[in-house]
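One structure below.
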Amino acid sequence: LKQHFISSTLSIAAPLARMDSLVYRGVLSGHRGWVTSIACPYEQSNLVVSGSRDKKLMIWELTPDGETIGYARKSLGGHSEPVACVVLSSDGQFALSGSWDRTMRLWDLNTGATVRTFQGHTKDVNSVAFSGDNRQIVSGSRDKSIKLWNTLAECKYTITEDMHTDWVSSVVFSPSAKMPLIVSAGWDKLVKVWNLSNCKLRTNLVGHTGVVYTTSVSPDGSLCASGGKDCTAMLWDVNDGKHLYSLDAGGTINAMIFSPKNYWLVAATDTSIKVWDLENKNVLDELSSTAPPKCGIPWCVSLCWSADGNTLFAGSTDGNIYVYEVGQA
């Protein structure tokens, strides 16, 4: 108790030494399967879009001043199998989803209608991404291929050279306009960096000892983080392909995301959500479920920050999206 009193007095006396932590705010309920993906607009807004194994996308309206955190505004149906991933266009008008039904769909969020269906992959589409200018789309699939598309759903290129030798789990565009890159991860334990200009391999990031499930690129495009079965978050310099350091997650990493505001990395493991402060590489906070799922089933499998970096959304295997706000511990 004395120790607690001392530390709380310190935080009153020196507000600059405060510890940020994540405070539980509420839950968005509506999906009837694993919430596999969550996307927030680039501009601050009260809109959130999610995808689920229940084959649906959901548009959520956040109610900051309401009694509940938010409500489901619209359910989007069309995919015939689970939705694996959802991303938004930078203007927040469109959502792009990838599904186990081998297709991708471009949705008009205002009407809820499918504008385009992308066909070409021969197996599940695990991951999709928009380029910064929204003109190009990249997809990664269980068919071990990466495809580039335009927004008219025309496949412009399929990467075959130096490709992953197993399922592609994740594809992301680097936000850097000077050096347009694609970062991909696969079940072959590799993270690959590709030049967007010619779709040629730039570097193989080698180091993981297990399947890589997720990758994230820092907001400035300089860092890449990857994680998966080997329980290790590996950080890389995207431009020169060097491994910088590793962080022990203590469990399989299912999702990972850099904060848009702080120098933080968040990882969803099978049992908890870890927040690392990358400045000193320590765990800033760890969130866990009050009612963890049965053994063998992970708890949280998707993560998304609001544009301002103040709200974290965590998608769970119980169909819920848990909402946390950055506050002071």
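Scan region 308-326 for residues that are of a type outside the set (S, T, N, Q), more than 15 Å from GLU61 (Cα to Cα) and open to solvent by 20 Å² or more (accessible area, probe 1.4 Å) and report the count.
4
Can you say whether ALA268 is out of contact with any Phe, Trp or Tyr (no Cβ under 7 Å at 6 or more places or on another chain), crowded, with 16+ Cβ neighbours inside 10 Å and more than 24 Å from VAL83 (Cα to Cα), as far as the supplied structure shows? Break it down into steps so the answer makes sense when it comes.
Details: out of contact with any Phe, Trp or Tyr (no Cβ under 7 Å at 6 or more places or on another chain): yes; crowded, with 16+ Cβ neighbours inside 10 Å: yes; more than 24 Å from VAL83 (Cα to Cα): no.
It is false that ALA268 is out of contact with any Phe, Trp or Tyr (no Cβ under 7 Å at 6 or more places or on another chain), crowded, with 16+ Cβ neighbours inside 10 Å and more than 24 Å from VAL83 (Cα to Cα).
Those residues that are outside any strand (DSSP E or B) and closer than 16 Å to ALA113 by Cα, I need them from region 53-62; list them, please. Spell out how you get there, then give the answer.
Of region 53-62, the ones outside any strand (DSSP E or B) are 53-56.
Answer for region 53-62, where residues must be outside any strand (DSSP E or B) and closer than 16 Å to ALA113 by Cα: LYS55, LYS56.
Restricting the search to region 150-168, which residues are part of a strand (DSSP E or B), open to solvent by less than 30 Å² (accessible area, probe 1.4 Å) and farther than 14 Å from ARG102 by Cα? Outline the logic, then answer.
To start, the set of residues in region 150-168 that are part of a strand (DSSP E or B) comprises 155-159, 168.
Now restrict to residues that are open to solvent by less than 30 Å² (accessible area, probe 1.4 Å): 159, 168.
Of everything in region 150-168, just one residue is part of a strand (DSSP E or B), open to solvent by less than 30 Å² (accessible area, probe 1.4 Å) and farther than 14 Å from ARG102 by Cα, namely ILE159.
Answer yes if at least one residue in region 140-148 is touching a Gly at 6+ places or on another chain (Cβ under 6 Å), aliphatic (A, V, I, L, M) and either within 24 Å of GLY221 (Cα to Cα) or part of a loop (DSSP other than H, G, I, E, B) (or both), and no otherwise.
So far as region 140-148 goes, yes, one or more of its residues are touching a Gly at 6+ places or on another chain (Cβ under 6 Å), aliphatic (A, V, I, L, M) and either within 24 Å of GLY221 (Cα to Cα) or part of a loop (DSSP other than H, G, I, E, B) (or both).
Considering only region 242-282, how many residues are of a type in the set (S, T, N, Q), touching a Gly at 6+ places or on another chain (Cβ under 9 Å) and in a strand (DSSP E or B)? Write out each step before concluding.
So in region 242-282, the residues of a type in the set (S, T, N, Q) come out as 246, 252, 254, 259, 262, 269, 271-272, 280, 282.
Narrowing further to those that are touching a Gly at 6+ places or on another chain (Cβ under 9 Å): 246, 252, 254, 259, 262, 269, 271-272.
From what's left, in a strand (DSSP E or B): 246, 254, 269, 272.
Of the residues in that region, 4 qualify.
Could you run through region 88-104 and say how many residues are over 19 Å from GLU61 (Cβ atoms) and surrounded by fewer than 24 Cβ atoms within 10 Å (Cβ to Cβ)?
Within region 88-104, residues that are over 19 Å from GLU61 (Cβ atoms) and surrounded by fewer than 24 Cβ atoms within 10 Å (Cβ to Cβ) number 5.
Would you check which residues across region 169-181 are part of a strand (DSSP E or B) and either surrounded by fewer than 13 Cβ atoms within 10 Å (Cβ to Cβ) or not polar (S, T, N, Q) (or both) and list them?
So in region 169-181, the residues part of a strand (DSSP E or B) come out as 169-173, 181.
Those that are part of a strand (DSSP E or B) and either surrounded by fewer than 13 Cβ atoms within 10 Å (Cβ to Cβ) or not polar (S, T, N, Q) (or both): VAL171, VAL172, PHE173, LEU181.
Name the one entry in GLY227, GLY207 that is in contact with a Phe, Trp or Tyr (Cβ under 9 Å, 6 or more places away or on another chain) and assigned to a loop (DSSP other than H, G, I, E, B).
Working: GLY227 fails: assigned to a loop (DSSP other than H, G, I, E, B).
Residue meeting the stated conditions: GLY207.
Among the residues of region 238-250 satisfying the criterion of being in contact with a strand residue (DSSP E or B) (Cβ under 6 Å, 6 or more places away or on another chain) and modelled with pLDDT under 95, which is least open to solvent (accessible area, probe 1.4 Å)?
My answer is VAL238.
Conditions tested, residue by residue: (1) within 30 Å of ASP277 (Cα to Cα); (2) part of a helix (DSSP H, G or I); (3) under 18 Å from the mean Cα position of the chain (by Cα); (4) among the aliphatic types (A, V, I, L, M).
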position	(1), (2), (3), (4)
SER21	yes, no, no, no
TYR24	yes, no, no, no
SER37	yes, no, yes, no
GLN44	yes, no, yes, no
GLY51	yes, no, yes, no
PRO64	yes, no, no, no
GLU67	no, no, no, no
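Based on what the data block shows, is VAL211 open to solvent by 10 Å² or more (accessible area, probe 1.4 Å), within 27 Å of ASP270 (Cβ to Cβ) and within 19 Å of the chain's Cα centre (by Cα)? Talk me through it step by step, then tell me what you get.
Details: open to solvent by 10 Å² or more (accessible area, probe 1.4 Å): yes; within 27 Å of ASP270 (Cβ to Cβ): yes; within 19 Å of the chain's Cα centre (by Cα): yes.
For VAL211, the condition - open to solvent by 10 Å² or more (accessible area, probe 1.4 Å), within 27 Å of ASP270 (Cβ to Cβ) and within 19 Å of the chain's Cα centre (by Cα) - is met.
Take the conditions in contact with a His (Cβ under 7 Å, 6 or more places away or on another chain), open to solvent by less than 20 Å² (accessible area, probe 1.4 Å) and either without any contact (Cβ under 8 Å) to a residue 40 or more places away in the chain or not small (Gly, Ala, Ser) (or both) and apply them to TRP305. Does it pass?
Working: in contact with a His (Cβ under 7 Å, 6 or more places away or on another chain): no; open to solvent by less than 20 Å² (accessible area, probe 1.4 Å): yes; either without any contact (Cβ under 8 Å) to a residue 40 or more places away in the chain or not small (Gly, Ala, Ser) (or both): yes.
So TRP305 fails the test.
Considering each residue of region 18-73, count those that are closer than 27 Å to ASN262 by Cβ, charged (D, E, K, R) and either at pLDDT 95 or above or open to solvent by 70 Å² or more (accessible area, probe 1.4 Å) (or both), and give that number.
Qualifying residue count for the region: 5.
Taking LEU287 and the conditions (1) out of contact with any Lys or Arg (no Cβ under 9 Å at 6 or more places or on another chain); (2) modelled with pLDDT under 95; (3) within 22 Å of SER37 (Cβ to Cβ), which numbered condition does it fall short on, given that it satisfies the others?
All conditions are met except number (1).
Among the residues of region 185-200, is any in a strand (DSSP E or B), at pLDDT 95 or above and under 14 Å from VAL125 (Cα atoms)?
Within region 185-200, the subset in a strand (DSSP E or B) is 185-186, 191-195.
Checking the rest, the ones that are also at pLDDT 95 or above come to 185-186, 191-194.
Among the residues that remain, those that are also under 14 Å from VAL125 (Cα atoms) are: 185-186.
Scanning region 185-200, I find at least one residue that is in a strand (DSSP E or B), at pLDDT 95 or above and under 14 Å from VAL125 (Cα atoms), so the answer is yes.
Looking at (1) basic (Lys, Arg); (2) loosely packed, with under 14 Cβ neighbours inside 10 Å; (3) modelled with pLDDT of 95 or more, can you tell me which one LYS147 breaks?
Failed condition: (2).
Working only within region 105-115, note down all residues that are open to solvent by 50 Å² or more (accessible area, probe 1.4 Å) and assigned to a loop (DSSP other than H, G, I, E, B).
Residues satisfying the conditions are ASN110, THR111.
The values are calculated or read from the model by the stated rules, or taken from the named source; none is laboratory data. Please read these numbers as outputs of a predicted model, since none were measured by experiment. In this analysis, Cβ positions are derived from the backbone assuming ideal geometry, glycine residues included, and neighbour counts consider all displayed protein chains. Protein only, heavy atoms only, side chains kept; ligands, DNA and RNA dropped before computing areas. Shrake-Rupley method; radii C 1.70, N 1.55, O 1.52, S 1.80 Å.
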